[in-house]
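Remarks on the structure that follows.
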Amino acid sequence: MIRPTIPEDTDALIAIAAETGVFKDYEIEALGEVLYDYFEFERDENGHLAATILVDEVPAGFVYYAPDTMTFGTWEMWWIAVDPRRHGSGIGRRLVEFCEADVLAAGGRMLFIDTSSLPEYEPTRRFYLALGYEQDAVLRDYFNDGDSKVVFRKRLSAGKL
Ligand SMILES: CC(C)(COP(=O)(O)OP(=O)(O)OC[C@H]1O[C@@H](n2cnc3c(N)ncnc32)[C@H](O)[C@@H]1OP(=O)(O)O)[C@@H](O)C(=O)NCCC(=O)NCCS
């Protein structure tokens, strides 16, 4: 079952993100701040969205996505993480498909996802390719020397002029 993320999910979602082992400590800290801001104002004032997937009534992953300001229907997926004990069982795909349907319903046109070029993100990059995302750009040494930003995108609907 996938439902909107609630404040009570926060600790479990931070734990899941940490347990994946790919995020740096400061990123895990940032996730706590992102979720705090989400419940405080981002959801209501800026249309950010977050969804949690439950397996046996326990959070097993989440996705966080938001419209990009000063664009027409361009959205960004900020976070996705699945409990590593459940990787490879289709949960990530369900979360992305849920997010895409939500973005479409909100009038979204395109969904962008940023990730890292580091080797530990190779499975993540394969995951996005498997879900029909195309690699759109590489911003060399963006995060740090040797750690480029890799931008994926998927068009969800035609734009209106
Ligand atoms: C990336 C992540 C969300 C994928 O979730 P998941 O539940 O394991 O993925 P799924 O089981 O739904 O896989 C969906 C598709 O991606 C493919 N895929 C997933 N992991 C893959 C891997 N390591 N290598 C190749 N393909 C992979 C699957 O083959 C599957 O394709 P199919 O449906 O055509 O068979 C999960 O691995 C994760 O939490 N990673 C750590 C956090 C992370 O990297 N977040 C993104 C930061 S930018």
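No value in this document is a laboratory result; all are computed from the given coordinates. These figures come from a predicted structure and were not determined experimentally. Note that each Cβ is placed from the backbone with ideal geometry, even for glycine, and that neighbours are counted across all protein chains shown.
For segment 1-121, rounded, prolate or oblate, judged on the Cα gyration tensor with a ≥ b ≥ c (square roots of eigenvalues), a/c < 1.5 rounded, else prolate if a/b > b/c? Rounded, since a/c falls under 1.5.
For segment 66-73, 3J(HN,Hα) computed residue by residue from phi via the Karplus equation (6.51, -1.76, 1.60; θ = phi - 60°) reads 8, x, 7, 5, 6, 10, 9, x Hz, glycine and proline entered as x.
With both residues required to sit in the chain, DSSP beta bridges show an antiparallel share near 90%.
When peptides 129-137, 74-82 are ranked by their average number of other Cβ atoms within 10 Å per residue, the highest-first order is 74-82, 129-137. The HN-Hα couplings worked out from phi for segment 133-143 by the Karplus form 6.51 cos²θ - 1.76 cosθ + 1.60 (θ = phi - 60°) are 7, 10, 6, 9, 7, 10, 9, 5, 6, 4, 7 Hz, whole numbers, x standing for Gly and Pro. The phi-based Karplus calculation (6.51 cos²θ - 1.76 cosθ + 1.60; θ = phi - 60°) puts the 3J(HN,Hα) values of segment 2-9 at 10, 9, x, 5, 10, x, 5, 7 Hz, whole numbers, x for Gly and Pro.
In terms of the Cα gyration tensor, with a ≥ b ≥ c the square roots of its eigenvalues, is segment 14-75 rounded because a/c is under 1.5, prolate because a/b exceeds b/c, or oblate? The shape class here is prolate.
Panel order for 16, 91, 113, by other beta carbons found within 10 Å of each beta carbon, from fewest to most: 91, 16, 113. Proximity of backbone amide H atoms, modeled 1.01 Å from N, is registered between residue 76 and 66, 68, 112 at under 5 Å, excluding neighbours fewer than 5 places apart on the same chain.
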